[in-house]
1. One residue is enough: does the range 63-75 have a residue meeting the conditions farther than 13 Å from Ala19 by Cα, hydroxyl-bearing (Ser, Thr, Tyr) and within 21 Å of the chain's Cα centre (by Cα)?
2. Considering the range 351-374 alone, what residues qualify as being in a helix (DSSP H, G or I) and more than 15 Å from Ala339 (Cα to Cα)?
3. In the range 189-217, how many residues are more than 16 Å from Pro231 (Cα to Cα), over 18 Å from the mean Cα position of the chain (by Cα) and among the aliphatic types (A, V, I, L, M)?
4. Scan the range 327-362 residue by residue and report those that are farther than 20 Å from Pro410 by Cα, within 26 Å of the chain's Cα centre (by Cα) and among the charged types (D, E, K, R).
5. Of all the residues that make up the range 75-91, how many are under 30 Å from Val138 (Cβ atoms) and free of Cβ contacts under 8 Å to residues at least 60 places away in the same chain?
6. If we keep just the residues of the range 43-66 that are part of a loop (DSSP other than H, G, I, E, B) and free of Cβ contacts under 8 Å to residues at least 60 places away in the same chain, which is surrounded by the most Cβ atoms within 10 Å (Cβ to Cβ)?
7. Hey, any hits in the range 30-41 for a residue that's assigned to a loop (DSSP other than H, G, I, E, B), among the acidic types (Asp, Glu) and closer than 21 Å to Ala102 by Cα?
Amino acid sequence: MRTWTPEQVARAAGAGLVAPPPTATGPERVVIDSREAGPGSLFVGLQGENNDGGRFAPQALAAGAWGVLTTPEHAEAAKCAVPGALIAADDPLKAMQRLATAWRRNLDAKVIGVTGSTGKTSTKDLLLALLTPHRRTVASRANFNTEIGLPLEILAAPTETEVLVLEMAMRGTGQIAELAEIAEPDVGVIVSIGPVHLEFLGTIEAIAAAKAELLAGMRPGGTAIVPSNEPLLEPHLRSDLHTVTFGDGGDVHLVRSDDHQVEIDLGGQKIVLEVPFTQSYLRRNLLAAVAAARAVGVTPDGGVALELTAGRGQHLILPGGATLIDGCYNANPMSMRAALEDLVQTAARAPDARPVAVLGDMRELGPTAREYHVELGEEVAHAGVEVLVTVGELAEAIGEPFAGEVHAVPDAAAAAELVPELVRPGDIVLVKGSLAVGLKAVCRALTSDGRPTRGAGAHA
């Protein structure tokens, strides 16, 4: 927004310019933490349940910020601070969202929105890998997928951006619709539908409807990328969108694959990609990413240099030779099943490797939570896992059907003490649970003897 005038910035935000900055140009970036404010920044003082960021407007200006966007009372209070733009709005968050939409329209870029019950982050990572060799591409950072994070990612996109890949998260109805309204995606990708956030939505049909808000929010003529043979999404498909299906029997599907290469049928065109990953779920998500890439005019080729976001299934070689599969960011029945498959397949390729599963609670599953954990335990029992560590009260049910070596601990701190003592050289160790369980502590304990390295074929 450097080329915008202060008046343009305020107008785009639907806000009032109380006082102009010393310069006639616009800000270089937008921040919501006053500690990150500095020359060229626009500080947005957001109102939270327990804190009002607008109180820090004077500090942001004192740090050299280009200006502040805050409520009228805080803008008035900041008049005596170091000179800078004072932009006032009754709702600073909505103003920031409007500003993001205006910047999105200013960019000569295609926008891809990605959501799903599981796999949206890895699909976003795959899209970044596929598109970067062909287009100047920007993709959402780790947790910037909410009503606050998504507009910040749009506003961080430089003028020369050609493709903007935005991850969209939700916990209830209306949230994806809000994100789609801000981002105005040209392409909408729904990676999967599964039992996530049942505590808030109640049924799998309601989850599908919430995810499909992405499709409802798209302009006519856009492209919808959806799983093949997904009846839950059929009521939400639109005749004025171009719909592309992926997966078995879909418009985009695998023709053949081996350890290092996949051949994909892309609507009748065959393409071959070199891939450094063998996980089934990643190869399925690759199909969605390839379909979305084609929708913005890119036909992927060559190697896929995938860098997974932290905590989403990276394979790390530990000191002593064991391998960690780091899935500590989050968990639900679908992602647990995919991670368990990855664990077993990885162990099968390593002679004498023991599959070790450290599994924490899967949260937000509502009244059927215990049943989902018991079902997961049955899958663990049949998968060939040799050592199971359950973390948390819900996760303890995973161990009930398991006849092998099992350890039940109450929390992540106890697991962080126990697991390093159990792991042997050559083991393949999966660590996965909902974010609130805090299993990152276990990953830190396993890697504390030295910096882990990425394993061959570890895909991260």
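The values are calculated or read from the model by the stated rules, or taken from the named source; none is laboratory data. Since the model is a prediction, treat every value here as computed from it, not as a measurement. Heads up, the Cβs are rebuilt from the backbone with ideal geometry, glycines too, and the neighbour counts pull from every protein chain shown.
1. no
2. Gly366, Pro367, Thr368, Ala369, Arg370, Glu371, Tyr372, Val374
3. Adding up the residues that qualify gives 3.
4. Arg337, Glu341, Asp342
5. Qualifying residue count, the range 75-91: 1.
6. Looking at residues that are part of a loop (DSSP other than H, G, I, E, B) and free of Cβ contacts under 8 Å to residues at least 60 places away in the same chain, I get Trp66.
7. No, the conditions are met nowhere in the range 30-41.
Matching residues to (1) in the same structural domain as Leu128 (by TED's automatic domain parsing); (2) under 20 Å from Glu378 (Cα atoms):
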{"site": "Val272", "(1), (2)": "yes, no"}
{"site": "Pro276", "(1), (2)": "yes, no"}
{"site": "Leu286", "(1), (2)": "yes, no"}
{"site": "Ala289", "(1), (2)": "yes, no"}
{"site": "Asp326", "(1), (2)": "no, no"}
{"site": "Ala331", "(1), (2)": "no, yes"}
{"site": "Leu340", "(1), (2)": "no, yes"}
{"site": "Arg349", "(1), (2)": "no, no"}
{"site": "Arg354", "(1), (2)": "no, yes"}
